[in-house]
Amino acid sequence: MAVLVDRDADDNMALVTMAAQFVTPDALRFLMRNACGYVYLALTAERCAQLGLDFVDLNDSLIRPPATVTIEAREGISTGIGLADQAHSIAVAIDPTKGREAIVLGGHVNPLRARPGGVLERAGWTEGSIDLARAAGLLPAAILCEIHNDDGSATQGADVTMFCRRHRLPMITIAEVIAHRQRTDKLVNREVETTLPTAFGEFMAVGYRSLLDGSHHLALVKGEVRGKADVLVHVHRSCRSGDIFHSITCRCGESVHAALAAIDVEGMGALVYLAEDDDALHRAQMDEQPWRDFGVAAQILVDLGLSSIRLLTNQRHDIPGLAGYRLTVSDHVPLRVPGDSPAARAR
Ligand SMILES: [Zn+2]
């Protein structure tokens, strides 16, 4: 068992998780007595489809993952309520040799459906718990139980740390699970490259395809960067309104131009242009999780042969587990955007 929190124990929720294949009546008893929360069974979308589970997307947020009808094993149980019955129902629900016919709808096990891309698609507890089980080489299914206080309120902050200490459980953040997968999964594939003459000189344009969602990312490379140290790099998330239409509500278009100009002056460097489908959604994510896309950018930079970079940026973010990317940020270089002053930013 481990305690899974969002970014740290100060966040609003902490859940105990364990690989579903290790569930026993004793484990369920521990959760009911000590975590005092509702017990869920996190399943992959693929397994949910095999079991014929229909989901209701009540509120597609991090807090409320898609809920479905409860289930139970068709055979081998009595009322289904007892802990031995629940453990048996869970074992049947995750058994890859058993299908829809092995369960009945309406029971005492509460399934949750994870997104196919796991935490790289949705930074939620359902996805995090399954990714942990998968990373351990186990069946991709996990038990989740919110930790509650005796008065029924959610356990938070230092109390979560106390809970972990009392029960000798390790704590892991969803951010750490994301960082692990960004390091270990192959996220992009190099598809195409061509020369691209621009107003900022000639660049090599290298196209990458995301293996996660099929979106296309681009790297604009100047000079022979492979094997070089301290290469000047800017990472830009596409923003249709700013990049193309020069919306004055953001500085995205000017930032791209300033970065290309800086790389041109340097004579060598790379700009990684990350695709993004939904600008508004993405900005909201950026504010909360500025490191979310770093795995994709890092893998593109490593593919280009870089090992240490000087990052052109005006924001200094802590990137969790950076060392694992085989890429070091040796320096942060301010990105000088023309006309960018506190007054301009306030516009
Ligand atoms: Zn923008």
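Answer yes or no: is there a residue in region 144-162 that is farther than 30 Å from Pro96 by Cα and buried (at least 19 other Cβ atoms within 10 Å of the Cβ).
Within region 144-162, one or more residues are farther than 30 Å from Pro96 by Cα and buried (at least 19 other Cβ atoms within 10 Å of the Cβ).
If you take just the helices (runs of 4 or more DSSP H) that sit entirely in region 1-101, which of them hold at least 2 residues that are at pLDDT below 95? It comes to 45-50. Within region 135-160, the residues that satisfy the criterion of being at pLDDT 90 or above and small (Gly, Ala, Ser) are Ala135, Ala136, Gly137, Ala141, Ala142. Residues of region 189-237 that are assigned to a loop (DSSP other than H, G, I, E, B) and under 27 Å from Asn314 (Cα atoms): Ala199, Phe200, Ser215, Gly223, Glu224, Val225, Arg226, Gly227, Lys228, Ala229, Asp230.
Yes/no per residue for (1) at pLDDT 95 or above; (2) surrounded by fewer than 18 Cβ atoms within 10 Å (Cβ to Cβ); (3) over 28 Å from Ala123 (Cβ atoms); (4) assigned by TED's automatic domain parsing to the domain that holds Val119:
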{"position": "Ala262", "(1), (2), (3), (4)": "yes, no, yes, no"}
{"position": "Leu274", "(1), (2), (3), (4)": "no, no, no, no"}
{"position": "Gly295", "(1), (2), (3), (4)": "no, no, no, no"}
{"position": "Thr328", "(1), (2), (3), (4)": "no, yes, no, no"}
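Tell me, please, whether a residue that is in contact (Cβ under 8 Å) with a residue 12 or more places away in the chain, in contact with a helix residue (DSSP H, G or I) (Cβ under 6 Å, 6 or more places away or on another chain) and under 30 Å from Arg237 (Cβ atoms) can be found in region 169-177. Within region 169-177, one or more residues are in contact (Cβ under 8 Å) with a residue 12 or more places away in the chain, in contact with a helix residue (DSSP H, G or I) (Cβ under 6 Å, 6 or more places away or on another chain) and under 30 Å from Arg237 (Cβ atoms).
Restricting to region 238-247, and then to whatever is in a loop (DSSP other than H, G, I, E, B), more than 21 Å from the chain's Cα centre (by Cα) and not β-branched (Val, Ile, Thr), can you tell me which residue is nearest to the ligand (Cβ to nearest atom)?
Ser247
Scanning region 217-237 for residues that are away from the ligand (no atom under 16 Å from the Cβ) and touching a strand residue (DSSP E or B) at 6+ places or on another chain (Cβ under 6 Å) returns His217, Leu218, Ala219, Leu220, Val221, Lys222, Val225, Ala229, Asp230, Val231, Leu232, Val233. Total residues in region 248-268 satisfying the condition of being within 16 Å of the ligand (Cβ to nearest atom) and in a loop (DSSP other than H, G, I, E, B): the figure is 4.
For (1) of a type in the set (A, V, I, L, M, F, W, C); (2) surrounded by 15 or more Cβ atoms within 10 Å (Cβ to Cβ); (3) not assigned by TED's automatic domain parsing to the domain that holds Arg122, each residue gets a yes or a no:
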{"residue": "Thr195", "(1), (2), (3)": "no, no, yes"}
{"residue": "Phe200", "(1), (2), (3)": "yes, yes, yes"}
{"residue": "Phe203", "(1), (2), (3)": "yes, yes, yes"}
{"residue": "Val206", "(1), (2), (3)": "yes, yes, yes"}
{"residue": "Ser215", "(1), (2), (3)": "no, yes, yes"}
{"residue": "Ala219", "(1), (2), (3)": "yes, yes, yes"}
{"residue": "Lys222", "(1), (2), (3)": "no, yes, yes"}
{"residue": "Lys228", "(1), (2), (3)": "no, yes, yes"}
{"residue": "His236", "(1), (2), (3)": "no, yes, yes"}
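Of the residues making up region 245-262, those that are over 16 Å from Leu220 (Cβ atoms) and either in contact with a Ser or Thr (Cβ under 8 Å, 6 or more places away or on another chain) or hydrophobic (A, V, I, L, M, F, W, C) (or both) are Phe245, Ser247, Ile248, Thr249, Cys250. In region 102-138, which residues are touching a strand residue (DSSP E or B) at 6+ places or on another chain (Cβ under 8 Å), part of a loop (DSSP other than H, G, I, E, B) and surrounded by 15 or more Cβ atoms within 10 Å (Cβ to Cβ)? Answer for region 102-138, where residues must be touching a strand residue (DSSP E or B) at 6+ places or on another chain (Cβ under 8 Å), part of a loop (DSSP other than H, G, I, E, B) and surrounded by 15 or more Cβ atoms within 10 Å (Cβ to Cβ): Gly107, His108, Ala114, Leu138.
The values are calculated or read from the model by the stated rules, or taken from the named source; none is laboratory data. Just so it is clear, the structure is predicted and the values come from calculations on it, not from any experiment. In this analysis, Cβ positions are derived from the backbone assuming ideal geometry, glycine residues included, and neighbour counts consider all displayed protein chains.
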